[in-house]
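Taking it in order: structure first as structure tokens, then the write-up.
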Ligand code: NAP
């Protein structure tokens, strides 16, 4: 099969398309024929060798894919050959024509979700769900600011928050991104690359601030976020690429909090809840992953460059 292999940590150019043996599922494992693989920013941190998780070399990147079950190992009960699935992590990597996964890493893909959309489920929607439900403990009627709403996690968060009955504010850094943010559920949009947008957000909240901020770039925004919070407000840090200075009194005066997580450390009970909650939303049509770009698997290096550039419009997916 064809697969992207990384033999040394480094820039996007270390992603090489190679021919390697197709793996065979053992007990409790499934082989997925991949139709699309999701490109997440953390795939690039891992490829650089700068992430908390350093896979043994060589490895195939990617945790998110969608496709069909090609074969199953003994003891597998939940899926059978031919079933449509999405993966939440794999054993052998998603940037390939096939991937081995544990039975519990393959989840049913509702008919109304395409394979390309299915490749944008686990990390983006899992993260958005975990942030809103488990960390922010969002309640209907609250106001959420999705700070960085035009990308994979952001668009998922907009759809989830809107369906939960929140008032939704979303930011993007381009006109195309702002249109998308509006379309995917934001009641009001703001351009995070324009001076003065914090004042616009405060004004839109009627001067009381927002209850929840889902933060995609904490190293740039956390200090300013704290000044945008209402009493009892919560910031959930989802993404950060460096250090930041905050004024703790902004938290004290609001009885506010900052929480943070990595999705890969979520607990089995939380993971089970996430998949069940997402499945319901896909089935009833409130959740629809937005595919921004489809890129051939062979051009994974280009996908890794583009996922780190500004101007996001949903998910980037690789097509084997
Ligand atoms: P993505 O699809 O590449 O989107 C990046 C988003 O960040 C875009 O909406 C982008 O907006 C926005 N952004 C750029 N500059 C910004 C600024 N100054 N202020 C606010 N937002 C800004 O990435 P993603 O998959 O949504 O992930 C977002 C971040 O969360 C990444 O850093 C990722 O590593 C992290 N993440 C963490 C977890 C976790 O477990 N904690 C899970 C998933 C993702 P424009 O392009 O429109 O400017």
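Where a number appears in this text, it was derived from the coordinates with a stated rule and is not lab data. Remember, predicted model here, so these are calculated numbers, not experimental data. Positions of Cβ are backbone-derived with ideal geometry, glycine not excepted, and every protein chain shown enters the neighbour counts.
Taking the range 25-40 as the search range and keeping residues that are in a loop (DSSP other than H, G, I, E, B) and in contact (Cβ under 8 Å) with a residue 60 or more places away in the chain, which one is surrounded by the fewest Cβ atoms within 10 Å (Cβ to Cβ)?
Result: 28.
Which of the residues belonging to the range 255-279 are in a loop (DSSP other than H, G, I, E, B) and buried (at least 16 other Cβ atoms within 10 Å of the Cβ)?
Pass one, the range 255-279, residues in a loop (DSSP other than H, G, I, E, B): 255-256, 261-262, 266-267.
Of everything in the range 255-279, those that are in a loop (DSSP other than H, G, I, E, B) and buried (at least 16 other Cβ atoms within 10 Å of the Cβ) turn out to be 256, 261, 266.
I need a count of the residues in the range 1-24 that are assigned to a loop (DSSP other than H, G, I, E, B), surrounded by 15 or more Cβ atoms within 10 Å (Cβ to Cβ) and in contact with a helix residue (DSSP H, G or I) (Cβ under 9 Å, 6 or more places away or on another chain).
Of the residues in that region, 1 qualify.
Name the single residue, out of those in the range 307-319 being closer than 24 Å to residue 67 by Cα and either free of Cβ contacts under 8 Å to residues at least 24 places away in the same chain or buried (at least 19 other Cβ atoms within 10 Å of the Cβ) (or both), that is nearest to the ligand (Cβ to nearest atom).
Across the range 307-319, the extreme among qualifying residues is 307.
Restricting attention to the range 178-221, and to residues there that are in a helix (DSSP H, G or I) and crowded, with 20+ Cβ neighbours inside 10 Å, which single residue is nearest to the ligand (Cβ to nearest atom)?
221
So which residues in the range 288-306 are more than 14 Å from the ligand (Cβ to nearest atom) and either at positive phi or outside any helix (DSSP H, G or I) (or both)?
288, 294, 296
Kindly evaluate residue 226 against the criterion of being in contact with a strand residue (DSSP E or B) (Cβ under 8 Å, 6 or more places away or on another chain), within 11 Å of the ligand (Cβ to nearest atom) and touching a residue at least 12 places away in the same chain (Cβ under 8 Å). Break it down stepwise before answering.
Values: in contact with a strand residue (DSSP E or B) (Cβ under 8 Å, 6 or more places away or on another chain): yes; within 11 Å of the ligand (Cβ to nearest atom): no; touching a residue at least 12 places away in the same chain (Cβ under 8 Å): yes.
Answer is no for this residue.
Of the residues that make up the range 99-111, is at least one buried (at least 19 other Cβ atoms within 10 Å of the Cβ), under 20 Å from residue 267 (Cβ atoms) and within 12 Å of the ligand (Cβ to nearest atom)?
No, the range 99-111 has no match at all.
Looking at 285, 242, which one is at positive phi, touching a residue at least 12 places away in the same chain (Cβ under 8 Å), within 16 Å of the ligand (Cβ to nearest atom) and part of a loop (DSSP other than H, G, I, E, B)?
Values: 285 fails: within 16 Å of the ligand (Cβ to nearest atom).
The conditions single out 242.
Could you list, in sequence order, all residues of the range 229-239 that are within 12 Å of the ligand (Cβ to nearest atom), touching a residue at least 60 places away in the same chain (Cβ under 8 Å) and assigned to a strand (DSSP E or B)? Break it down stepwise before answering.
Let us first name the residues in the range 229-239 that are within 12 Å of the ligand (Cβ to nearest atom), namely 236-239.
Checking which are touching a residue at least 60 places away in the same chain (Cβ under 8 Å) leaves us with 236, 238-239.
236 - this is the single residue of the range 229-239 that is within 12 Å of the ligand (Cβ to nearest atom), touching a residue at least 60 places away in the same chain (Cβ under 8 Å) and assigned to a strand (DSSP E or B).
Does residue 80 meet the test of being free of Cβ contacts under 8 Å to residues at least 24 places away in the same chain and over 29 Å from residue 150 (Cα atoms)?
Answer is yes for this residue.
Output the residue which, of all residues in the range 143-173 that are touching a strand residue (DSSP E or B) at 6+ places or on another chain (Cβ under 8 Å) and surrounded by fewer than 22 Cβ atoms within 10 Å (Cβ to Cβ), is farthest from residue 308 (Cα to Cα).
Per the criteria, the residue is 167.
For residue 249, all conditions in the list (1) under 24 Å from residue 160 (Cβ atoms); (2) more than 14 Å from the ligand (Cβ to nearest atom); (3) in a helix (DSSP H, G or I) hold save one; what is the number of the exception?
Against the list (1) under 24 Å from residue 160 (Cβ atoms); (2) more than 14 Å from the ligand (Cβ to nearest atom); (3) in a helix (DSSP H, G or I), residue 249 comes up short only on (1).
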